[in-house]
Amino acid sequence: MPSVLVVEDDPSIRQSLIEVLAEHGYAVRSVGDGFGALREVTQTPVDAVVLDLGLPDLDGGDALRMIRGISSVPVLVATARDDETEIIKLLNAGADDYLVKPFSGGQLIARLSAVLRRTSHAAPAGAAHAGPGARPAPAADPLGATTVGELAVDPGARTAHLAGRELHLTRREFDLLAFLAHHTGQVVSKRRLLTEVWREPYVDDQTVDVHLSSLRRKLGERAAAPRYLLTVRGVGIKLVAPR
């Protein structure tokens, strides 16, 4: 039974989240503030955290960064902030995914299940934990290393370098880049990316857009002036070597 820590200061919302998660087989603990979340993550391992940003003692973004400083536990951010720049900041700060309020119980369960699948974090009941937020060793990646122009992507080592400089990518950004690199020159639809990278085909396309925007920035380009990531309007995205 995967365990989830709900961090939400509104008692009614917190209770609703607890009920939805419990109905779907999760063991749920909850706190109403950021410092309580840090204490819980430090003292007792959990498989995932659902983190509200509107906390009474800490800004949710600060709480996220503090959690990341002590644990690699998957964090699903629940936010009323739908600004793309703000969402990119949260993903770069270590969020594994996000939900924009208001959201349904079905959306919560789908996103949380997808996060746990991607991180391979939910262990069978009774499995031992190596420590707070510990993760099992990742499985070997069947994709080989790829070089596209000055961009080198090695899925096995989970590293990406641009002109010899290592790119500091989030887990999701790397998975996205590695998939596109494996299909260099091919136009890949957002739907396919959601199915094969996110493994969640019913998530909104904006999820891909946000990660592509962040990835472009780290590659030193913009959508209006692309070098590696070219958008084929109405079709998808492809990774190419700059001309």
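The values are calculated or read from the model by the stated rules, or taken from the named source; none is laboratory data. Keep in mind that what you see is a predicted model, and the values were worked out from it rather than measured. So basically every Cβ, Gly included, is an ideal-geometry build from the backbone, and we count neighbours across all protein chains shown. Note: accessible area is taken over every heavy atom of the protein model, side chains too, but ligands, DNA and RNA are not part of it. Shrake-Rupley method; radii C 1.70, N 1.55, O 1.52, S 1.80 Å.
When region 210-228 is examined, which residues are found to be more than 23 Å from the chain's Cα centre (by Cα) and surrounded by fewer than 13 Cβ atoms within 10 Å (Cβ to Cβ)? Ala224, Ala225 - these are the residues of region 210-228 that are more than 23 Å from the chain's Cα centre (by Cα) and surrounded by fewer than 13 Cβ atoms within 10 Å (Cβ to Cβ).
Would you be able to tell me the number of residues in region 94-116 that are small (Gly, Ala, Ser) and assigned to a helix (DSSP H, G or I)?
Kept after step one, since they are small (Gly, Ala, Ser), are these residues of region 94-116: 94-95, 104-106, 110, 113-114.
Now narrow it down to the ones that are assigned to a helix (DSSP H, G or I): 105-106, 110, 113-114.
Going through region 94-116 one residue at a time, the tally reaches 5.
Of the strands (runs of 3 or more DSSP E) lying entirely inside region 1-58, those carrying at least 1 residues that are surrounded by fewer than 22 Cβ atoms within 10 Å (Cβ to Cβ) and touching a strand residue (DSSP E or B) at 6+ places or on another chain (Cβ under 8 Å) are 3-7, 27-31. Here Thr207, Thr231, Thr195 are screened, and the one residue that is assigned to a helix (DSSP H, G or I), open to solvent by 60 Å² or more (accessible area, probe 1.4 Å) and either farther than 25 Å from Ala157 by Cβ or not aromatic (Phe, Trp, Tyr) (or both) is Thr195.
Filtering region 67-93 down to residues that are assigned to a loop (DSSP other than H, G, I, E, B) and in contact (Cβ under 8 Å) with a residue 40 or more places away in the chain, which residue is surrounded by the most Cβ atoms within 10 Å (Cβ to Cβ)?
Selected residue: Pro74.
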